[in-house]
Amino acid sequence: MLIVYHHPFSPASRFVRLALHEYGVNFEAYLEFPWQRRRDFLLINPAGTVPVAVENDGTPICGAGVIMEYLDETRGYMIPEKRLMPDNAERRAEVRRLVDWFLGKFDREVIGHFVREKVYKQEMPKSAGGGEPDSAALRAARTNIRHHMRYIGYLAASRRWLGGDKLSFADMAAAAELSCADYLGEVPWEEDENAKAWYARVKSRPSFRSLLGETIPGMRPAPSYADLDF
């Protein structure tokens, strides 16, 4: 049995869950609030961050990138028609670059601000940093997202999928990040039609269904969130 410790609006956690669904892996998802710093969770991952995967009571696999490589080595190579990592070294490097871009740069400059200010701060007690959103952080994210939307649009226009000819971890990473902002109504879909068309294709996949069914208590999703033909 594979267990995944996650937060439903952690983009990195969503990335891992999307990949697991694409690979058809049965898993149990355990909700974790990283800011609580639970002792039992810190014993699993001293960094106190999500996602973390544990398979058959084995060594914890901590971090989205590490879990990605684990899934490719333990599942992906056995199902070449569904593998989310290319079989060519140069193409694998490009997919890894894009995963790092979306889970790293895109998250730091854009999505992390939206999630922290509009989701996490509403769940955190004041003693842990909860409270009113930082309007300066949100303004920066709303400016930065336009650059990233144009880059996604460029990739979508020049390739069949973001990482190349086949669906890959790069698509999962970008879609996981965007899905959080989309829920919050913070994606300027008018910025790039190619990015919008690509995301509609990914959002229509069965692996996305569980994400589209999740909600934040007291906060309804934007109309575009679960609309497959937006």
* **Pairs where the first residue, in segment 127-156, is within 17 Å of Ala170 (Cα to Cα) and the second is aromatic (Phe, Trp, Tyr), C-beta under 6 Å, 6+ apart** => His148/Phe106; Ala156/Trp198
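Identify the residue in segment 157-173 that is part of a loop (DSSP other than H, G, I, E, B) and under 18 Å from the mean Cα position of the chain (by Cα) and, among all such residues, is farthest from Ile111 (Cα to Cα).
Narrowing segment 157-173 to residues part of a loop (DSSP other than H, G, I, E, B): 159-160, 162-163, 165-168.
Next, only the ones that are under 18 Å from the mean Cα position of the chain (by Cα) stay: 162-163, 167-168.
On the way: Leu162: 18, Gly163: 20, Leu167: 22, Ser168: 21 Å.
Out of the qualifying residues, it is Leu167.
Just wondering, is there one or more residues in segment 161-183 that are more than 21 Å from Leu20 (Cα to Cα), aromatic (Phe, Trp, Tyr) and in contact with a strand residue (DSSP E or B) (Cβ under 9 Å, 6 or more places away or on another chain)?
Keep residues of segment 161-183 that are more than 21 Å from Leu20 (Cα to Cα), which gives 181-183.
Next, only the ones that are aromatic (Phe, Trp, Tyr) stay: 183.
Narrowing further to those that are in contact with a strand residue (DSSP E or B) (Cβ under 9 Å, 6 or more places away or on another chain): 183.
Yes, segment 161-183 contains a residue that is more than 21 Å from Leu20 (Cα to Cα), aromatic (Phe, Trp, Tyr) and in contact with a strand residue (DSSP E or B) (Cβ under 9 Å, 6 or more places away or on another chain).
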* Asked: Does at least one position in segment 178-195 carry a residue that is without any contact (Cβ under 8 Å) to a residue 24 or more places away in the chain, open to solvent by 60 Å² or more (accessible area, probe 1.4 Å) and either over 17 Å from Phe15 (Cβ atoms) or of a type in the set (Lys, Arg) (or both)?
  -> yes
* Asked: Out of (1) open to solvent by less than 70 Å² (accessible area, probe 1.4 Å); (2) outside any loop (DSSP other than H, G, I, E, B); (3) among the aromatic types (Phe, Trp, Tyr), what's the single condition that is false for Tyr154?
  -> (1)
* Structure fact -> Within segment 50-62, of all residues that are more than 12 Å from the chain's Cα centre (by Cα) and of a type outside the set (Val, Ile, Thr), the one surrounded by the most Cβ atoms within 10 Å (Cβ to Cβ) is Ala53
* Asked: Within segment 181-195, is there a residue that is within 15 Å of the chain's Cα centre (by Cα), acidic (Asp, Glu) and at pLDDT 95 or above?
  -> yes
* **Top-ranked residue in segment 12-32 [being under 15 Å from Lys82 (Cα atoms) and either of a type in the set (A, V, I, L, M, F, W, C) or over 17 Å from the mean Cα position of the chain (by Cα) (or both); ranked as most open to solvent (accessible area, probe 1.4 Å)]** => Gly24
* Name the pairs whose Cβ atoms lie under 6 Å apart, with the first residue in segment 201-230 and open to solvent by less than 70 Å² (accessible area, probe 1.4 Å), the second among the small types (Gly, Ala, Ser) and not in a loop (DSSP other than H, G, I, E, B), and 6 or more positions between them or separate chains? -> Val202/Ala175; Leu211/Ser179
* From the list Asn144, Asn88, which residue is in contact with a helix residue (DSSP H, G or I) (Cβ under 9 Å, 6 or more places away or on another chain), open to solvent by 40 Å² or more (accessible area, probe 1.4 Å) and of a type outside the set (D, E, K, R)? -> Asn144
* Structure fact -> Of the conditions (1) of a type outside the set (A, V, I, L, M, F, W, C); (2) surrounded by 15 or more Cβ atoms within 10 Å (Cβ to Cβ); (3) assigned to a loop (DSSP other than H, G, I, E, B), the single one that Gly131 does not satisfy is (2)
* **Among (1) open to solvent by 70 Å² or more (accessible area, probe 1.4 Å); (2) of a type in the set (D, E, K, R); (3) within 17 Å of the chain's Cα centre (by Cα) - the single one Lys105 does not satisfy** => (1)
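The values are calculated or read from the model by the stated rules, or taken from the named source; none is laboratory data. Not measured: the values here are computed from a predicted model. Because the Cβ atoms are built from the backbone with ideal geometry, glycine has one as well, and the counts that use them run over all protein chains shown. These area figures cover heavy atoms from the full protein model, side chains too; ligands, DNA and RNA do not enter into them. Shrake-Rupley method; radii C 1.70, N 1.55, O 1.52, S 1.80 Å.
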